[in-house]
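Quick notes on the structure that follows.
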Amino acid sequence: MRAAAVALLTLAALLAAPAAQAATEVPSFGSNPGALKMFRYAPPGLAQGRPVVIALHGCTLDAAYGDTSGWTELARRFGFTVVMAQQQQLNNYNRCFNWFQATDTARGRGEAESIAQMTRKALAEAGTAKAHVTGLSAGGGMTSVMLAAYPELYSAGGIVAGIPHGCAVALYEAFSCMSPGKDLTPAQWGAKVRAASGHTGPWPRVSVWHGTADTTVAPANMREIVEQWTNVHGIPATPTGNDTVNGYPRARYGTAVETYTITGMGHGQPVDPGTAAGQCGRAVAYVLDVNHCAAWHMAAAWGIG
């Protein structure tokens with residue numbers, strides 16, 4: 001009986017471990033002009049100087065995106081901090097980040113400034129200089145905003161099913177940006193980024209992910225994001241290398257920009273549930289098991305995995 005009781009207690013402790021590692025809300029991180037919520041996860045005993053990742057959910061989702069996308073799981077494996085910004089329904093009925101509103105995307109204003117304040121707080125607590133930022137759909141659109149408006153805060157970013165920075169400045173433009181997308185020249189796209197902050201470099205590296213069967217945000221947006229960021233980096237918008245990873249095409253543009261084309265995938269975040277190298281995430285709505293975990297590959301490319 002005693003051995004059985006010990007076994008049951010051990011099992012209970014193991015089952016309780018993930019809850020003990022859950023993200024916690026950070027109630028105060030600055031003036032928060034965008035009225036967002038901040039959640040933070042750092043593994044117990046995390047050393048100073050370890051990386052920070054900012055994860056931005058898509059519409060109808062919330063801070064649990066940090067778990068389902070695989071980011072908090074990777075934080076436990078590799079030792080870094082994850083910050084999840086969470087939209088509130090008072091700001092947007094569908095809980096989308098307002099990547100299309102000038103009042104929320106300009107440097108120093110609205111939701112963009114709230115996310116920047118979260119980033120600064122996390123960097124100060126982690127004792128490191130720069131973060132990485134990534135997001136899905138509306139979170140991908142806001143990732144584009146953060147890379148453009150606050151490039152000094154981020155060394156790299158990952159845009160999943162997202163939109164180029166500056167595509168829209170008001171709601172009436174948002175839907176046409178999503179589909180069919182806006183076709184501008186690389187110089188026009190690049191000018192929007194350069195005008196966002198007055199930054200002179202170095203610029204963040206960018207990883208772009210999109211499903212070929214996405215009917216919510218047109219895959220053409222991946223091409224436009226590539227044109228935007230290759231122009232900002234001053235490199236051609238033609239690949240310097242092509243290969244496949246887990247059967248999916250990858251293109252590289254020097255060391256500054258890369259794309260993953262997820263053939264047959266609809267609108268969502270690619271994951272590959274499991275604990276082996278290259279695996280992470282958990283399939284839920286808009287987080288899709290395609291045997292390819294975007295978060296793991298971003299972390300590896302950024303040198304934090």
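Each value in this text was obtained by applying a stated rule to the coordinates, not by laboratory testing. Please read these numbers as outputs of a predicted model, since none were measured by experiment. Backbone-built Cβ (ideal geometry, glycine too); neighbour counts: all protein chains shown.
Legend: Rg and Dmax of region 19-301, from Cα coordinates, 17.0, 49 Å.
Counting only DSSP beta bridges whose two residues both lie in region 19-301, roughly 40 percent are antiparallel. Within the same chain, lysines fewer than 8 places from Lys37 are excluded, and of the rest, those with a Cα less than 23 Å from its Cα are Lys121, Lys130.
Computed from backbone phi, the HN-Hα couplings of region 82-94 come to 10, 10, 10, 7, 10, 6, 10, 5, 5, 7, 7, 4, 8 Hz, rounded to whole numbers (Karplus: 6.51 cos²θ - 1.76 cosθ + 1.60, θ = phi - 60°; Gly and Pro given as x).
The string of couplings for region 238-249 from the Karplus curve (6.51, -1.76, 1.60, θ = phi - 60°) is 10, x, 9, x, 9, 7, 10, 10, 6, x, 10, x Hz, one whole number per residue in order, with x for Gly and Pro. 3J(HN,Hα) along region 274-284, derived from phi through the Karplus expression 6.51 cos²θ - 1.76 cosθ + 1.60 where θ = phi - 60°, amounts to x, 10, 6, 4, x, 9, 4, x, 8, 6, 9 Hz, with x in place of Gly and Pro. Summing charges over all other residues whose Cβ lies under 11 Å from the Cβ of Phe97, with Lys and Arg as +1 and Asp and Glu as -1, gives -1.
Would you tally the net charge around Trp229, using a Cβ to Cβ cut-off of less than 12 Å, leaving Trp229 out, and scoring K and R as +1, D and E as -1?
Working: positive: Lys192, Arg194, Arg205, Arg223; negative: Glu224, Glu227, Glu258.
My count for the surroundings of Trp229 gives +1.
Under 15 Å from the Cβ of Cys59, count the other residues' Cβ atoms, weight Lys and Arg +1, Asp and Glu -1, and hand me the total. Local net charge: -3.
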